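The values are calculated or read from the model by the stated rules, or taken from the named source; none is laboratory data. It should be emphasised that the depicted structure is a prediction, and the values quoted were computed from it without experimental measurement. Heads up, the Cβs are rebuilt from the backbone with ideal geometry, glycines too, and the neighbour counts pull from every protein chain shown. Ligands, DNA and RNA are excluded from the accessible area calculation, which covers all protein heavy atoms including side chains. Shrake-Rupley method; radii C 1.70, N 1.55, O 1.52, S 1.80 Å.
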Amino acid sequence: MKSSFQVFTRRVRSDWHFQYRALRMAVDWVIAIYFVIPLMILAGYQYYSWWATQPSWFSWISMSMIATAFYVFAWLGTIRYFVEEGDQLFLRQNQNWFRHLMLLGYRYSLVLQGIMTIILMLVFLPLLVQTHSYSVLQVICLWLLTYLLKINVGVLRQLLTLRLNGILLWLLRIVVFVGLFFSYQALVTEVSNNTYYSWTAILLFLVLVVFLSKIRLQEKGAFFADIARDRDSRMRIVSLMLIRVVERKRKPKRKYPLLFGKSQRLFKGKGASNGIAELLTKSFFRNGTQWKQTIQFVAVISGAMFILPSALKITIWILAACLLVFWRKSFCKDELTAPFLTLFPIQDITKHQALQSATPILVLPALILISLCVGISFFTWWGPVLMIGAAIPLAYGTSSVFTSWY
């Protein structure tokens, strides 16, 4: 027979597995390779550079703006207890088990919220230390203040929801939100001034956490509200993915495609390889998803060029070209496995020749835009001309290297 701790650990593992599968639906290996990993590398380098040299725009961000961001973070989120619908049939019959399960869920939420607050502090740490001259003690004080406020707000919102409803609940929430906002701003100011009032507030927040938590864990009639809240928390990633999924009227289909509507020839000469190369080229440029992802990729890389030092720009430029070639090659190989192509006896060498012909054409538009931004980022008249001129041989060179094997 399982214990309440085993039931809790099984539900936590199930929740993490569900969130992982939801992320896998949104971030496949293509997006991870071409977007997530480069963004993480750039973010890590940028974070390191903030510690090495303070950017000029750091001075534009006041402590009040940072406190506002921290307060919004503290207001969001919730406390979970990992209760499920089936518990009313079996687990609630054993009150000790059920209370222990809720207590474990509450402690788990405390640890998770503490880790999330630490991550937030690490993101803002260069700004706090470099610009606002925060000491280690002040950073710890601000972390405790934000963390304890977040726990108090989470428990208090649950208690208000259980006792009130309708317009009275929303009005009270607005009053609490505004009142706590100005109180938190004042407390952060005390932290900046290195006074003992902030530590007194932390002690009061800690006492309030114990008091409110005891009331919340002993609250009766909250079972179904806890189930609904846990379900919403479990579906938070899926709901973000489906936020734009709405019922829309079907757009009328175009009689001719927007690009290459007259099916004009793109490659000189005849032969199966040229025909397949045209098929791959037109399929790519008529694919809305590929256009969208390409625009996002170009925007991220181009924006990074204005931030990165000059020595690193050329390296990222070449790396972007290589990623574009791999991306286009992957798309073409997927297209070559289309069911209707299997109806024809096409040899692999013919497919390989088509791949080599089409890949540079697919790479050039995005690479030219990135090269233009690289040239502009040098702030010289010859930079854009030079980089656009270099984009053509780079596109054909990288395509020739990485499509030398099928």
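Just a few scattered comments:
- Spin-label pair His352/Val123, simplified geometry with 7 Å Cα→Cβ offset, distance in nm: 4.8 nm
- The GNM of the chain, with springs linking C-alpha atoms under 10 angstrom apart, assigns the highest mean-square fluctuation among Tyr45, Tyr184, Tyr147 to Tyr45.
- Here the Karplus relation 6.51 cos²θ - 1.76 cosθ + 1.60, evaluated at θ = phi - 60°, turns the backbone of the range 357-366 into coupling constants of 6, 7, 4, x, 5, 6, 7, 4, x, 5 Hz, with x for every Gly and Pro.
- Heavy atoms of Ser377: accessible area, 1.4 Å probe, square angstrom to 10: 10 Å²
- Structure remark: mean-square fluctuation, Gaussian network model of the chain, C-alpha springs under 10 Å; the largest value among Arg13, Arg328, Arg231 belongs to Arg13.
- Mean separation of Cα pairs under 8 Å and 6 or more residues apart, divided by the residue count, gives the range 39-155 a relative contact order of 40 percent.
- Correct choice for percent of Cα pairs over 37 Å apart that was computed from the model, options [x] 38; [y] 34; [z] 47: [z]
- Stretch gain in nm, segment Arg107-Phe306, where the contour uses 0.36 nm per residue and the Cα spacing is subtracted: 67.2 nm
- The solvent-accessible area of Lys313, taken with every protein chain present and a 1.4 Å probe, is close to 10 Å².
- Of Phe344, Phe379, Phe98, the one that fluctuates the most in a GNM where the chain has Cα springs shorter than 10 Å: Phe344
- Residues in the chain average 59 Å² of solvent-accessible surface per residue, probe 1.4 Å, ligands and nucleic acids excluded.
- Computed over the chain, relative contact order equals 16 percent, with contacts defined as Cα pairs under 8 Å that lie 6+ residues apart.
- Violating pairs (Cα-Cα greater than 22 angstrom) within the set Lys292/Lys333; Lys313/Lys333; Lys282/Lys351: Lys313/Lys333
- Principal-axis analysis of the Cα atoms of the chain puts helix 63-75 at an angle of about 80° to the longest axis.
- Scalar couplings 3J(HN,Hα) for the range 121-130, obtained by applying the Karplus form with A = 6.51, B = -1.76, C = 1.60 to θ = phi - 60°, are 5, 5, 4, 8, 4, x, 5, 5, 7, 6 Hz; x denotes Gly and Pro.
- Cβ charges +1 (Lys, Arg) and -1 (Asp, Glu), total dipole of the chain, debye: 1480 debye
- Carbon-plus-sulfur accessible fraction, the range 275-406 (probe radius 1.4 Å, protein heavy atoms only): 72%.
- Cβ-Cβ FRET estimate between Asp232 and Ile376, R0 fixed at 41 Å, reported to 0.05: 0.35
- Residue-wise HN-Hα couplings along the range 179-187, as the Karplus relation 6.51 cos²θ - 1.76 cosθ + 1.60 with θ = phi - 60° gives them from phi, are x, 5, 4, 5, 5, 5, 4, 5, 5 Hz; Gly and Pro carry x.
- Nonpolar atom fraction for the range 1-157, defined as the carbon and sulfur part of the 1.4 Å probe accessible area, stands at 70 percent.
- Sites Ser56 and Gln88 - FRET efficiency at Förster radius 51 Å, r taken between beta-carbons, to 0.05: 0.30
- Ordering Leu145, Ala338, Ser404 by Cα displacement along the dipole of the chain toward the positive end leaves Ala338 in first place; charges were set at the Cβ atoms of Lys, Arg (+1) and Asp, Glu (-1).
- Here the extension length gained between Arg163 and His132 equals 7.0 nm, from 0.36 nm per residue of separation less the Cα-Cα distance.
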